[in-house]
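The values are calculated or read from the model by the stated rules, or taken from the named source; none is laboratory data. Everything quoted here is computed from the prediction, not taken from an experiment. Counting neighbours? That spans all protein chains shown, and the Cβs are built from the backbone with ideal geometry, glycine included. Remember, those area values only see protein heavy atoms, side chains included, never the ligands or the DNA or RNA. Shrake-Rupley method; radii C 1.70, N 1.55, O 1.52, S 1.80 Å.
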Amino acid sequence: MNQNEKNYLNINEMESADVSRTFMSKVFLWMCIALGITALTAFISASSPAFFSMLFTQDGRMSLLGWVVTLAPLILVFVMSARVDRMSKGTMTAIFVLYSVLMGMSLSFIFFAYSSAVIVKTFLITAGMFGVMAIAGFTTKTDLTKFGRIMFMGLIGLIIATLVNLFTKSAMFDYIISFIGVLIFTGLTAFDVQKLKQIGTMNMGENDTVTKIAIYGALSLYLDFINLFLYLLRIFGSRD
């Protein structure tokens, strides 16, 4: 390989890296917007006894509205996943914002279950762990594809274990599940960031498709962050 070819490859790599960084900045921006909306909505919902009482019946069971708030985010995730290529940018944005609001409503219970000090401490720890793994996923030269598959299989096992524990109601098993959940979503953060970085290396220009992919990527990282936060909260909350 002569010097001109080396220079050409170096220029291509630099351009690819710039495109990837620009794309990832959009992904993280959308993720931060969603987290901000969720946090604000959760705080406002928890500060309104009238709203919170609407989520549960007088005997402590979840009301119809409570079930809607709980299940709607899951439905919206499936909708965005299945129709990302057919949705307009405006529709994708609206659904993502709505999803963030509904998640905030459903997470408002943490202000009643845990102290503010525990919530703040857990959020800071989550942000630190997420940031470290995001940097690791973005900078590593190792292909994390196989690692991601292992984490995904672990996620399926985690869901099954959680469903089983709904019936067994074992506090020790729940504690173990929380630690496993932290490990899985910590690993998935690095994998998802690397996957998005690879997507970002494709020079797709500036169009609605890029925005939709960035929002969908932000959804993946948002879910990693929220789940990591909740599992850590269960660990630190149980110690409080």
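See the values below:
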quantity	calculated
The lone exception for L228 - which of (1) in contact (Cβ under 8 Å) with a residue 40 or more places away in the chain; (2) more than 18 Å from F123 (Cα to Cα) it fails	(2)
Test result for V69, β-branched (V, I, T), modelled with pLDDT of 85 or more and assigned to a helix (DSSP H, G or I)	no
Of residues in segment 33-64 being among the polar types (S, T, N, Q) and either surrounded by 17 or more Cβ atoms within 10 Å (Cβ to Cβ) or in a helix (DSSP H, G or I) (or both), the one farthest from the chain's Cα centre (by Cα)	S53
Residue among V193, V164 that alone is hydrophobic (A, V, I, L, M, F, W, C) and touching a residue at least 40 places away in the same chain (Cβ under 8 Å)	V193
Answer residue from segment 65-104, given it is β-branched (V, I, T) and under 21 Å from F229 (Cβ atoms) and is surrounded by the most Cβ atoms within 10 Å (Cβ to Cβ) among those	V69
Answer residue from segment 109-126, given it is β-branched (V, I, T) and under 25 Å from M62 (Cβ atoms) and is modelled with the lowest pLDDT among those	I110
Any hit, segment 20-28, residues being modelled with pLDDT under 80, out of contact with any Cys (no Cβ under 8 Å at 6 or more places or on another chain), of a type in the set (G, A, S) and open to solvent by less than 70 Å² (accessible area, probe 1.4 Å)	yes
Test set (1) assigned to a helix (DSSP H, G or I); (2) under 22 Å from Y222 (Cβ atoms); (3) modelled with pLDDT of 85 or more - M87 fails condition number	(1)
One residue from L183, L144 being in contact with a helix residue (DSSP H, G or I) (Cβ under 6 Å, 6 or more places away or on another chain), within 30 Å of R21 (Cβ to Cβ) and hydrophobic (A, V, I, L, M, F, W, C)	L144
Selected residue (criterion: surrounded by the most Cβ atoms within 10 Å (Cβ to Cβ)) from residues of segment 105-118 that are out of contact with any Phe, Trp or Tyr (no Cβ under 7 Å at 6 or more places or on another chain) and closer than 18 Å to N227 by Cβ	M105
Flag for V19 being part of a helix (DSSP H, G or I) and either closer than 30 Å to T139 by Cβ or in contact (Cβ under 8 Å) with a residue 60 or more places away in the chain (or both)	yes
Residue tally, condition more than 15 Å from the chain's Cα centre (by Cα) and of a type in the set (A, V, I, L, M, F, W, C), over segment 175-212	8
